[in-house]
């Protein structure tokens, strides 16, 4: 490799750092950073940040293979090989920033890199193969650097929308949304999916989607917090070039899925409360069922009546007979399953919901609201009356049961 600065009158050899037997096949300039060069050789890839005065191996997981051509395109380095097909080094913005002098002067500070513009698209990346490349994961790839990490250090990544409202947060101390962190360079992929509806343990549903919608094209923000010290970077999400849907279509889909999930989530949380109430009422019946006082007998009758009402609401909302994945073939699905199925259909592609799907959603939502109104009436009337009578009779909440002979 040679470089000229006077239009070819003189040339200087620039191969320091490239072994002599690794003869060069191609060299390309970065299209944004002056002095950053990429070289393809007979045995791999090299990078220079000083106009070729020195080179470093840029191999990473690229196989040892002749690199016959290179192209810088859309913030990526496209690598043509002789025998191992095409490879793409994603996110040259990270490479440019990592090799810049500004980072090298702050090796003792945490660093959050600006994420590359992400496409809103389906699918996901695949990794882990020792013989094949890995596709870029779907979503927003976030890179950050933590020079030192102690066991008790708290680290979190939080994602915000354009109104600065929190979408989701991940932390190394959060068991549900766990953020795996190590000392040095870290990467995290945010799938851009919002929180959806709650699915209770043991629930068996037929083709029902509980997940939230994907973020629509627009501006977002990621914030890194290390022991309370925060820094943020902007995020841009755009539609895929081959998408047939407009941004308005995707926003309509986003709102539709959120509306479906809000109703399903409300219903499932009510079922959770129903089950908790039934458990307590059953415990009350077991404890006081043998008492002869009229007031206690009245409360036992009230308990059984409430459990009956609760059971009717739960059975209307969810198919309680399901015990296996095949049971929905025998027992018809109920309201929340039907509504959550619309979520499954609505999130196929990036299209706006049809007028028919909106009509079905509204009908199912109205039916669910009727059942939730019955549940709320029991809470406001029956439960209140039950508690008042419990207190009036001075019944004990914690009682040691006598052993039955």
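The values are calculated or read from the model by the stated rules, or taken from the named source; none is laboratory data. Computed from a predicted structure; not experimentally measured. FYI the Cβ positions are ideal-geometry reconstructions off the backbone, even for glycines, and counts take in every protein chain you see.
Values as computed for the structure displayed
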read-out: Residue list for segment 380-400, restricted to those being out of contact with any helix residue (DSSP H, G or I) (no Cβ under 8 Å at 6 or more places or on another chain) and part of a helix (DSSP H, G or I); value: 380, 381, 384, 387, 388, 391
read-out: Residue that is modelled with pLDDT of 95 or more, under 18 Å from the mean Cα position of the chain (by Cα) and more than 30 Å from residue 330 (Cβ to Cβ), where the choices are 197, 215; value: 215
read-out: Any hit, segment 274-289, residues being at pLDDT below 95, assigned by TED's automatic domain parsing to the domain that holds residue 364 and not in a helix (DSSP H, G or I); value: yes
read-out: Test result for residue 257, under 17 Å from the mean Cα position of the chain (by Cα) and within 22 Å of residue 348 (Cβ to Cβ); value: yes
read-out: Yes/no for residue 361 being surrounded by 18 or more Cβ atoms within 10 Å (Cβ to Cβ) and either in contact with a helix residue (DSSP H, G or I) (Cβ under 8 Å, 6 or more places away or on another chain) or within 20 Å of residue 260 (Cα to Cα) (or both); value: yes
read-out: Residues of segment 58-79 satisfying the condition of being part of a strand (DSSP E or B) and free of Cβ contacts under 8 Å to residues at least 24 places away in the same chain; value: 73, 76, 78
read-out: Complete set of residues in segment 297-319 that are more than 30 Å from residue 264 (Cα to Cα) and crowded, with 18+ Cβ neighbours inside 10 Å; value: 299
read-out: So residue 232, is it touching a strand residue (DSSP E or B) at 6+ places or on another chain (Cβ under 8 Å), part of a strand (DSSP E or B), farther than 30 Å from residue 275 by Cβ and at pLDDT below 95; value: no
read-out: Yes/no for residue 209 being crowded, with 18+ Cβ neighbours inside 10 Å, within 21 Å of the chain's Cα centre (by Cα), under 30 Å from residue 315 (Cβ atoms) and not assigned by TED's automatic domain parsing to the domain that holds residue 316; value: yes
read-out: Identity of the residue in segment 60-74, surrounded by 14 or more Cβ atoms within 10 Å (Cβ to Cβ) and within 31 Å of the chain's Cα centre (by Cα), that ends up nearest to residue 90 (Cα to Cα); value: 72
read-out: Index of the failed condition, residue 225 passing every other in (1) under 16 Å from the mean Cα position of the chain (by Cα); (2) assigned to a strand (DSSP E or B); (3) modelled with pLDDT of 95 or more; value: (1)
read-out: Condition broken by residue 134, with the remaining ones in (1) surrounded by fewer than 18 Cβ atoms within 10 Å (Cβ to Cβ); (2) over 30 Å from residue 54 (Cα atoms); (3) modelled with pLDDT under 90 satisfied; value: (2)
read-out: Residues within segment 80-102 that are in a strand (DSSP E or B) and crowded, with 17+ Cβ neighbours inside 10 Å, tallied; value: 4
read-out: Sole exception among (1) surrounded by 19 or more Cβ atoms within 10 Å (Cβ to Cβ); (2) modelled with pLDDT under 95 for residue 239, by number; value: (1)
read-out: Index of the failed condition, residue 321 passing every other in (1) touching a helix residue (DSSP H, G or I) at 6+ places or on another chain (Cβ under 7 Å); (2) closer than 30 Å to residue 210 by Cα; (3) touching a residue at least 12 places away in the same chain (Cβ under 8 Å); value: (3)
read-out: Residue in segment 171-194 that is closer than 30 Å to residue 322 by Cα, in contact (Cβ under 8 Å) with a residue 12 or more places away in the chain and surrounded by 14 or more Cβ atoms within 10 Å (Cβ to Cβ) present; value: yes
